[in-house]
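Bear in mind that the values in this text are calculations on the coordinates, not laboratory data. Predicted model only: the values in this text are computed from it and were never measured.
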Amino acid sequence: MPTGVRIDATPDQLDAVKYNDHGLVTAIAQDVETKEVLMLAWMNAESLQMTFDEGRMVYWSRSRQELWRKGDTSGDRQFVREAYYDCDADALLFIVEQEGKGACHTGERSCFHNRFGS
């Protein structure tokens, strides 16, 4: 069974993260092996800290207004391998090991399976 990597972010790094007016920051999950972008979701400070502590992706659900661990109901869990923040510190990138069928709630491997154009 896979396990995640605990991330020991410094207080300065955590303070650098810029949350929007709702206290959220975008979080992108990318597959560690294929480099495929799996999904984009939201995190608040609590879910970010939980993700770092547990080594497993924890997001904030805007529709349900609650924390959710990716895969608790679907079994399609995400385990952290690396974590980054962008130059403006307003977007997060997590390199993850994706367990199960995939990241998308529709059953697709990636949420980015819809292509523009023909």
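Per-structure values
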| read-out | value |
| --- | --- |
| Segment V37-E97, length gained on full extension (0.36 nm per residue, minus Cα span) | 20.4 nm |
| Mean Cα-pair separation over length for the chain, i.e. relative contact order, pairs under 8 Å, 6 or more apart, % | 28 percent |
| Answer label for Cα extents along the principal axes in Å (calculated), chosen among [x] 42, 37, 28; [y] 50, 34, 22; [z] 45, 27, 21 | [x] |
| Per-residue ³J(HN,Hα) for region 7-21, Karplus 6.51 cos²θ - 1.76 cosθ + 1.60, θ = phi - 60°, Hz, x for Gly and Pro | 9, 9, 6, 7, x, 5, 5, 5, 5, 6, 4, 9, 8, 6, 4 |
| J(HN,Hα) series, region 74-87, from Karplus relation 6.51 cos²θ - 1.76 cosθ + 1.60, nearest Hz, glycine and proline x | 8, x, 8, 7, 10, 10, 6, 10, 8, 9, 9, 10, 7, 4 |
| Computed lengthening from Y84 to W68, 0.36 nm per intervening residue step minus Cα-Cα distance | 3.7 nm |
| Rounded to whole Hz, the Karplus (6.51, -1.76, 1.60) HN-Hα couplings of region 50-64, x for glycine and proline | 4, 4, 4, 5, 8, x, 9, 5, 10, 10, 10, 8, 5, 6, 9 |
| Long-range amide H partners of L38 with built H, under 5 Å | A29, Q30, D31 |
| Share, in percent, of DSSP beta bridges within the chain that are antiparallel, nearest 5 | 75 percent |
